[in-house]
Amino acid sequence: MTVKAITEILEQKAPLQLAEDFDNVGLLVGSPDMEVTGILVTLDTLEAVVEEAITRNCNLIVSFHPIVFKGLKRITGANYVERVVTRAIENHIAIYSMHTALDNVPDGVSGKMCEVLGLQSLEVLIPGTRAIKKLLTYVPRAAQDALLEKLFEAGAGHLGNYSQCSFSSEGMGGFLPESGANPTRGTLGQRHLEPEAQIHITFEAHREKSVLKALFTHHPYEEVAYEVTTLDNTYHGIGMGMIGHLPEPLEPKAFLESIKKAFHTGCIRHSALLQTPVQKVAVLGGSGAFGIDAALARGADFFITGDVKYHEFFKAEGKMVIADIGHYETEQFTKNLLAEYLSEKIPNFAISLSETQTNPINYF
């Protein structure tokens, strides 16, 4: 299999279009056409991880965090980023990163946190916006059903737990084929009227390329009249963080103990504990303090994340417990998630879980 073939499988789970604008995701080092001998899955691509890949005959590293985040002006080996890139290139090792693309899918980083905690009845904490687009097009009535079927196959028409959703209205389309045209309906030089259906169909923004390919490939007209608009609707199918319920309420201290055990954390920084049992819990992997307001608005008893600053703890205001369990700790199971996914999709391929400890923080 090539690098491209494997990354296409990864992007079925977390399309790169879902990544935040500030991020740097995708293939960072290497050729997409290179044949892969083995895959090493890691949270961070450090020098020790590259050496591990060499030892284990893996020439593709699938990393959650991007080793190249900001632009490199030179590669001289002056810092760990430059040394990683140099060592990878010298040994023909490709590096691919998913980062916030995986943050924005429900069964991604925060979803894995929920699984570890045993949360139920899960919902996205901060649903995505401008993540839905609508296609409007016109097609001869006789070709309507066939075109819709192809659009559905391309991923259009999904709304929550419903699929193949669309709206159609009938009317009369008119056009005059001019010199050079090759019309499937009508005659050159003569205005033609055709019974048509106007189709409205929505799709997730990251599916635009496949939906338009299906439209142009299967529409019978030589020139396809269409419009694509971005909707402001809130979309609960993607977004940052998750919120759910514990199977049974727990006392705050008991819940802290369960967090510490589940995430193997050296310590937990938290705001004042409440006097009521914990049941509704919000999580957001990585630097997730921006989710505090959303967790409060959703009525969470606990909000678990990483990298909370001093003044941000005050936002709890006695209504919720904010627990900073560490950046690494919230994301540590991500590599397991990716390795399990790849093993399921390509079971006969060499996929290794990195054994290198990449957490830069130590506890005394």
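Matching residues to (1) under 18 Å from the mean Cα position of the chain (by Cα); (2) within 26 Å of Asn104 (Cβ to Cβ); (3) at pLDDT 95 or above; (4) not polar (S, T, N, Q):
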{"position": "Val25", "(1), (2), (3), (4)": "yes, yes, yes, yes"}
{"position": "Val29", "(1), (2), (3), (4)": "no, yes, yes, yes"}
{"position": "Pro32", "(1), (2), (3), (4)": "no, yes, yes, yes"}
{"position": "Ala78", "(1), (2), (3), (4)": "no, no, yes, yes"}
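Only a single item in (1) without any contact (Cβ under 8 Å) to a residue 40 or more places away in the chain; (2) farther than 29 Å from Val124 by Cβ is not met by Glu248, and it is number (2).
Of the strands (runs of 3 or more DSSP E) contained entirely in region 141-235, those carrying at least 3 residues that are at pLDDT 95 or above and touching a Gly at 6+ places or on another chain (Cβ under 8 Å) fall at 192-204.
Highlighted here are the strands (runs of 3 or more DSSP E) found entirely within region 18-137 that include at least 1 residues which are open to solvent by 10 Å² or more (accessible area, probe 1.4 Å): 26-29, 120-129. Among the conditions (1) part of a loop (DSSP other than H, G, I, E, B); (2) open to solvent by less than 60 Å² (accessible area, probe 1.4 Å); (3) hydrophobic (A, V, I, L, M, F, W, C), Ala272 misses just one, which is (2).
Note on region 138-186: among residues that are of a type in the set (Lys, Arg) and farther than 30 Å from Tyr235 by Cα, the one that is surrounded by the most Cβ atoms within 10 Å (Cβ to Cβ) is Arg185. Scanning region 197-256 for residues that are crowded, with 18+ Cβ neighbours inside 10 Å and of a type in the set (Val, Ile, Thr) yields Ile199, Ile201, Thr202, Val211, Ile238, Ile243. Pairing each residue of region 342-364 that is within 18 Å of Lys4 (Cα to Cα) and without any contact (Cβ under 8 Å) to a residue 24 or more places away in the chain with any residue that is open to solvent by less than 90 Å² (accessible area, probe 1.4 Å) and in a strand (DSSP E or B), provided the two are 6+ apart or on different chains, yields C-beta distances under 9 Å for Ser343/Ile351.
The values are calculated or read from the model by the stated rules, or taken from the named source; none is laboratory data. Since the model is a prediction, treat every value here as computed from it, not as a measurement. All Cβ positions, even for glycine, are placed from backbone atoms using ideal geometry, and neighbour counts span all protein chains on display. Note: accessible area is taken over every heavy atom of the protein model, side chains too, but ligands, DNA and RNA are not part of it. Shrake-Rupley method; radii C 1.70, N 1.55, O 1.52, S 1.80 Å.
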